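The values are calculated or read from the model by the stated rules, or taken from the named source; none is laboratory data. None of the values given here were measured: they were computed from a predicted structure. Here the Cβ is made from the backbone with ideal geometry for all residues, glycine too, and neighbour counts use every protein chain on show. When the accessible area is computed, the model is the full protein with side chains, heavy atoms only, and any ligands, DNA or RNA have been set aside. Shrake-Rupley method; radii C 1.70, N 1.55, O 1.52, S 1.80 Å.
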Amino acid sequence: MTDIATRIAGAPISWGVSEVPGWGWQYDAATVLAEMRAVGLAATEFGPDGFLPDDPADKAKTLADVGLRAVGGFVPVVLHDPSHDPAPEVAAALEGFVAAGAGTLVLAAATGQDGYDDRPALDAADWSTLLANLDKLSALAASRGVLATVHPHVGTMVENADDVAQVVNGSSIGLTLDTGHLLIGGVDPVALAVEHTSRIRHTHLKDVDAAWAARVQSGEVGYTDAVRSGMYRRLGAGDIDITTIVSTLEKSGYDGWYVLEQDTILRARPADDGPVADVRASIGHLQSIAAGLASGTRTDGKV
């Protein structure tokens, strides 16, 4: 196992910064990056278009100037439409990755609609196109020295257990293990980590209130409304067994990033410390897990 502390990264979504129109009040990049460094994060994902400068060299300099390494980022693209070639937009995104020394492309199978509250159904031909695009984009990223992964995500074309099985069985691309989106999509993130450890190449750590997740799964509450109501929790304050997931990955030799993501919607600029308080607590929880793994004991009270 390598040192987990050197592989803890952040994501702007923990500060409420999202690509979804009307998501909520948005922090500026300077504040988010400064707070990331203040709590000791080693690196960050890029965030949505417009958060960091578009020019690849300027993007790289912005992160270097504050002492943050670049992990890579979340790139939602339409993969299932045979009339749409996603390669040009991914190639453009990769320019910024290469310039900043970022090694991980996190692809999401976008629906082509705004937001994550609904998605169309795919037929066999659509799935064939999607899977072929995943392998094509993985090869494209590899040609630039970047590892491509696919991110199962609520409200995208890869969301639930059947979707994940299609990807695992029908493509060779690695997976981003997003503990929160998997649970909300009806996938047990612990079981996925155990059963498909070798396919997991990148990790987004979230904790989730399982009762809210069940309401989203049943259709009682929309995804965005659940996020606004606090479905995502700081690590250790929700219902996901983060310790078993991290332990499973570390024992398998996983040496990738642990990106702390607690999807947040802000109604206005916080009057208190704001989201950084939860990020700080999540870092502490992950460090406690790391210490427990080093000593051979659990620190979360689970057995």
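Enumerate the amide H contacts of I200 below 5 Å, restricted to partners 5 or more residues apart or on another chain; note that Pro and chain-start residues carry no placed amide H. Under 5 Å from the amide H of I200 lie the amide H atoms of L175, each far enough along the sequence or on another chain. Against the empirical 2.2 N^0.38 Å (N residues), region 1-154 has a Cα radius of gyration ratio of 1.08.
Considering all C-alpha pairs of region 65-175, those separated by over 22 Å amount to 29%. 3J(HN,Hα) couplings calculated from phi for region 74-86 with the Karplus curve 6.51 cos²θ - 1.76 cosθ + 1.60 (θ = phi - 60°) are, in sequence order, 7, 10, x, 9, 6, 10, 9, 8, x, 8, 10, 9, x Hz; Gly and Pro show x. In order along region 182-195, the phi-based Karplus estimate (6.51 cos²θ - 1.76 cosθ + 1.60, θ = phi - 60°) of 3J(HN,Hα) comes to 4, 4, 5, x, x, 10, 6, x, 5, 4, 5, 4, 6, 7 Hz; Gly and Pro are listed as x. For region 126-232, the Kirkwood hydrodynamic radius comes to 14.4 Å, computed from all pairs of different C-alpha atoms.
Counting only protein heavy atoms and a probe of 1.4 Å, the accessible surface of the chain is 49% carbon and sulfur.
The Kirkwood hydrodynamic radius of region 168-294, based on inverse pair distances between different Cα atoms, is 15.4 Å. From the largest down, the chain spans 49, 44, 39 angstrom on the principal axes of its Cα atoms.
Just to confirm, what accessible area per residue do you get for the chain at 1.4 Å probe, in whole Å²?
About 41 Å² of surface per residue is accessible.
Sorted into 5 angstrom bins from 0, the C-alpha pair distances of region 10-87 split as 3, 14, 25, 22, 15, 10, 6, 3, 1, 0 percent.
Counting only DSSP beta bridges with both residues in the chain, what percent are antiparallel, rounded to the nearest 5?
5
Arranged from highest to lowest average of other beta-carbon atoms within 10 Å per residue, in what order do the peptides 267-275, 288-296, 146-154, 158-166 appear?
Descending mean neighbour count gives 146-154, 158-166, 288-296, 267-275.
Only helices enter this figure: runs of n ≥ 4 DSSP H residues, each worth -39500 (n - 2.57), summed and divided by the residues of the chain, yield -12000 deg cm²/dmol at 222 nm to the nearest 500. Under 5 Å between amide hydrogens, built in the peptide plane, is the criterion, and for V208 it picks out R233, G238, D239, I240 among residues at least 5 positions away or on other chains.
Over the C-alpha atoms of region 65-126, the Rg to Rh ratio, Rh being the Kirkwood estimate, stands at 1.07. DSSP finds beta bridges in region 129-235, and of those with both partners inside it, around 25 percent are antiparallel. With a ≥ b ≥ c taken as the square roots of the eigenvalues of the C-alpha gyration tensor of region 214-283, please select rounded if a/c is under 1.5 and otherwise prolate if a/b is larger than b/c or oblate if it is not? In terms of gyration-tensor shape, oblate.
The ellipsoid that matches the Cα gyration tensor of region 178-244 has semi-axes, each √(5λ) in whole angstrom, of 21, 13, 9, with the longest given first.
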